[in-house]
Amino acid sequence: MAGSRLASPDGSELEYIVTGSGEPVTVFAHGLGGGISETRPLGSGVAGRRVFFHFRGHGRSHAPAGQWTYQDLAADLRTVADATGATRALGVSLGAGALCRAVSDDPARFTKIVLFLPAVLDKPRAAATRHRFAALLSAVGAGDAAGIAAVVRDEIPPASRNTASAHAYLRRRTDQLLRDRLAPSLASITDDVAVTDLGALRDVTAAALVIGCRGDELHPSSVAEEVAAALPHASQHIYDGPGIVWTERSDLRDRIAGFLNAPV
């Protein structure tokens with residue numbers, strides 16, 4: 001689904017869609033190499049308007065080439081949030097890092113935030129993450145459907161890989177990446193950190209829910225625990241195993257909706 005376009009001050013053009021109606025407004029920020037399709041299910045039970053967008057270099061969002069950083073991603077998030085009147089935000093992996101950067105720069109910007117599978121805080125991502133994304137960028141750049149599928153398949157827990165839903169997901173993600181591509185400038189993000197000073201998070205006024213899982217080398221549970229400890233108004237939930245969007249989907253949706261829909 002093609003979305004609307006929004007111009008940002010630095011010359012970026014960001015693609016976004018809005019679902020639902022009324023207040024409050026929640027903006028959803030996806031993970032590295034992901035997109036709107038991956039975040040939409042997380043908002044299925046969330047009240048009010050839900051805003052889903054593509055970061056620069058993903059989907060149909062574009063930005064001037066260069067060495068992109070989490071500061072740039074935080075600017076993308078703020079641009080969409082400001083334009084749509086969002087008062088709450090959810091970030092997945094890369095999006096969680098961008099959200100941490102956004103609230104460290106503007107501690108009172110949101111009333112509620114959800115940080116799902118944060119992958120990086122004040123230390124660079126693990127080598128496994130950098131290697132995986134480099135392989136994905138290479139396959140996308142070469143138009144190599146088999147190479148893309150091989151990387152994307154790793155997102156699916158082994159027990160679920162032969163299901164009809166997994167096959168459909170694999171086809172959709174591969175087709176989307178072949179169509180929309182990924183900008184080479186995204187490579188610099190994997191060497192960056194979300195925040196340089198954990199102390200800046202101490203001033204964040206938003207109520208926060210941090211969700212992590214054990215056994216996921218791309219999203220270590222230790223990072224989720226560090227984020228929750230750094231935020232003054234945070235609760236956390238750590239699932240016992242990886243692949244929770246496949247194995248704990250109903251509980252995950254209910255947990256997110258319950259937190260965001262509860263009175264402030």
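Pick from ALA65, ALA83, ALA74: which is touching a residue at least 24 places away in the same chain (Cβ under 8 Å) and part of a loop (DSSP other than H, G, I, E, B)?
Testing whether each residue is touching a residue at least 24 places away in the same chain (Cβ under 8 Å) and part of a loop (DSSP other than H, G, I, E, B) leaves just ALA65.
Can you name the number of the only condition in (1) open to solvent by 40 Å² or more (accessible area, probe 1.4 Å); (2) at pLDDT 95 or above; (3) within 27 Å of ARG181 (Cβ to Cβ) that ASP76 fails?
Failed condition: (1).
So if I check each of ALA145, ALA187, ALA139, which one is touching a residue at least 40 places away in the same chain (Cβ under 8 Å) and of a type in the set (A, V, I, L, M)?
Answer to the check: ALA187.
What residue, among those in segment 241-253 that are modelled with pLDDT under 95 and touching a Gly at 6+ places or on another chain (Cβ under 6 Å), is surrounded by the fewest Cβ atoms within 10 Å (Cβ to Cβ)?
GLY241
Please determine, by comparing only the residues of segment 222-235 that are touching a strand residue (DSSP E or B) at 6+ places or on another chain (Cβ under 9 Å) and more than 24 Å from ASN261 (Cα to Cα), which one is most open to solvent (accessible area, probe 1.4 Å).
Filtering first and then ranking leaves SER222.
Here's the yes/no breakdown for (1) in contact with a strand residue (DSSP E or B) (Cβ under 7 Å, 6 or more places away or on another chain); (2) surrounded by fewer than 20 Cβ atoms within 10 Å (Cβ to Cβ); (3) in a loop (DSSP other than H, G, I, E, B):
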{"site": "LEU121", "(1), (2), (3)": "no, no, yes"}
{"site": "ALA134", "(1), (2), (3)": "no, yes, no"}
{"site": "VAL140", "(1), (2), (3)": "no, no, no"}
{"site": "ILE148", "(1), (2), (3)": "no, no, no"}
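Only one of ILE238, ILE256 is modelled with pLDDT of 95 or more, β-branched (Val, Ile, Thr) and either in contact with a His (Cβ under 8 Å, 6 or more places away or on another chain) or buried (at least 21 other Cβ atoms within 10 Å of the Cβ) (or both). Can you tell me which?
The conditions single out ILE256.
List the helices (runs of 4 or more DSSP H) inside segment 159-264, counting only whole elements, that have at least 2 residues being under 17 Å from the mean Cα position of the chain (by Cα) and within 15 Å of VAL92 (Cβ to Cβ).
221-230, 244-247, 249-261
Conditions first: (1) farther than 24 Å from HIS131 by Cβ; (2) of a type in the set (Phe, Trp, Tyr); (3) under 13 Å from the mean Cα position of the chain (by Cα). TYR70 passes all but one, so which condition is the exception?
Against the list (1) farther than 24 Å from HIS131 by Cβ; (2) of a type in the set (Phe, Trp, Tyr); (3) under 13 Å from the mean Cα position of the chain (by Cα), TYR70 comes up short only on (1).
Condition check ((1) surrounded by 21 or more Cβ atoms within 10 Å (Cβ to Cβ); (2) among the aliphatic types (A, V, I, L, M); (3) in contact (Cβ under 8 Å) with a residue 24 or more places away in the chain) across all residues:
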residue	(1), (2), (3)
LEU198	no, yes, yes
CYS213	yes, no, yes
ASP216	no, no, yes
PRO220	yes, no, yes
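Please work out which residue is nearest to GLU38 (Cα to Cα), limiting yourself to segment 164-186 and to residues that are among the hydroxyl-bearing types (Ser, Thr, Tyr) and open to solvent by less than 50 Å² (accessible area, probe 1.4 Å).
Among them, the one singled out is TYR169.
Can you tell me which condition LEU14 does not meet? The list is (1) under 18 Å from the mean Cα position of the chain (by Cα); (2) assigned to a loop (DSSP other than H, G, I, E, B), and all the others hold.
Result: LEU14 fails condition (2) only.
Could you grab me the full set of residues in segment 43-62 that are open to solvent by 10 Å² or more (accessible area, probe 1.4 Å) and either of a type outside the set (Gly, Ala, Ser) or in a helix (DSSP H, G or I) (or both)?
Selection gives ARG49, ARG50, HIS54, ARG60, HIS62.
The values are calculated or read from the model by the stated rules, or taken from the named source; none is laboratory data. Bear in mind that the values here come from a model prediction, so they are computed numbers and not experimental data. Counting neighbours? That spans all protein chains shown, and the Cβs are built from the backbone with ideal geometry, glycine included. Keep in mind that these areas ignore ligands, DNA and RNA; they rest on the heavy atoms of the full protein, side chains included. Shrake-Rupley method; radii C 1.70, N 1.55, O 1.52, S 1.80 Å.
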